[in-house]
Amino acid sequence: MSEGQDRESEGRTIAVGDIHGCSTALDVVLRELSLTPDDTLIILGDVVDRGPDTKGCIDRLLELRQSRDVVHIMGNHEEMMLDALAGGQWSRAWLHYGGQEMLDSYGGSFDDIPEEHLDFIRSGNDFRETDNAIFAHAAVNPAQPMDQQTVHFLRWNRLAGNERPHLSGRPVICGHSAQPSGRPLFFEGWFCLDTCVYGSNGALSAMILEEDAVVQADQAGEFLGVHSVSEFM
């Protein structure tokens, strides 16, 4: 299990929900965040698929990684894509879950994907821990310590909205459970930032932990504001 233990930083810790190939929304969010070299950016998985520009999204994240700490957590869509690349069980079905849009952004085939991009996708952590929070793509089992979590639970389990807080007492910040309304799903001990950016009413959401704030933008390029976490509780 690769947990990627976090280091202490004087900068902000910023979690970004499922990007799904929506580079326009990502560009607006990054602009509004005004990142510094001391900030840590935690990408909660599902960078790929569905939206029109997976390639552009990974290009931007690779560029950011040159000057600051960018943590990529493996999502279920990255898992499906890598399985399809290897000729596994998702080889055909993945194309219908946004895989075709991903391939189109590169030119139409796996052969068009740069090795640097494949390395980025493969390098995703199973989860991330800090002293103050737990970061996962989908969810964590609240009754189990992090070293006993299963990869399937971390990448595929969906939130019902009534889960207990994790036994560690730390909040879980995740994505995966898409909220078509564009509003994050926040309840005691849980912060879900998948706000369905590729959907008609969706948004890309980024949470600044130290400021209890959420920055949002949509794929049309509109900045949707900075919201207090309390607005969504």
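Can you confirm whether region 70-87 contains a residue that is more than 30 Å from Pro145 (Cβ to Cβ) and out of contact with any Leu (no Cβ under 9 Å at 6 or more places or on another chain)?
yes
Picking from residues in region 28-47 that are under 16 Å from the mean Cα position of the chain (by Cα) and part of a loop (DSSP other than H, G, I, E, B), the one that is farthest from His137 (Cα to Cα) is Val47. Restricted to region 104-141, and to residues there that are in a loop (DSSP other than H, G, I, E, B) and hydrophobic (A, V, I, L, M, F, W, C), the residue that is nearest to Ala86 (Cα to Cα) is Ile113. Of all the residues in region 142-173, those that are in contact with a Leu (Cβ under 8 Å, 6 or more places away or on another chain) and assigned to a strand (DSSP E or B) number 1. Flag: Pro180 matches the condition of being surrounded by fewer than 14 Cβ atoms within 10 Å (Cβ to Cβ) and on the phi < 0 side of the Ramachandran plot. Selection of region 186-206 for residues being in contact with a helix residue (DSSP H, G or I) (Cβ under 7 Å, 6 or more places away or on another chain) and more than 15 Å from Asp46 (Cβ to Cβ) yields only Phe186. Could you list all residues from region 193-230 that are assigned to a loop (DSSP other than H, G, I, E, B), among the polar types (S, T, N, Q) and without any contact (Cβ under 8 Å) to a residue 60 or more places away in the chain? Result: Ser200, Asn201. Scan region 140-157 and give yes if some residue there is open to solvent by 40 Å² or more (accessible area, probe 1.4 Å) and basic (Lys, Arg), otherwise no. No.
The values are calculated or read from the model by the stated rules, or taken from the named source; none is laboratory data. Quick caveat, the model's predicted, so the values are computed rather than measured. So basically every Cβ, Gly included, is an ideal-geometry build from the backbone, and we count neighbours across all protein chains shown. Heads up: the accessible areas ignore ligands, DNA and RNA and are worked out on the full protein's heavy atoms, side chains in. Shrake-Rupley method; radii C 1.70, N 1.55, O 1.52, S 1.80 Å.
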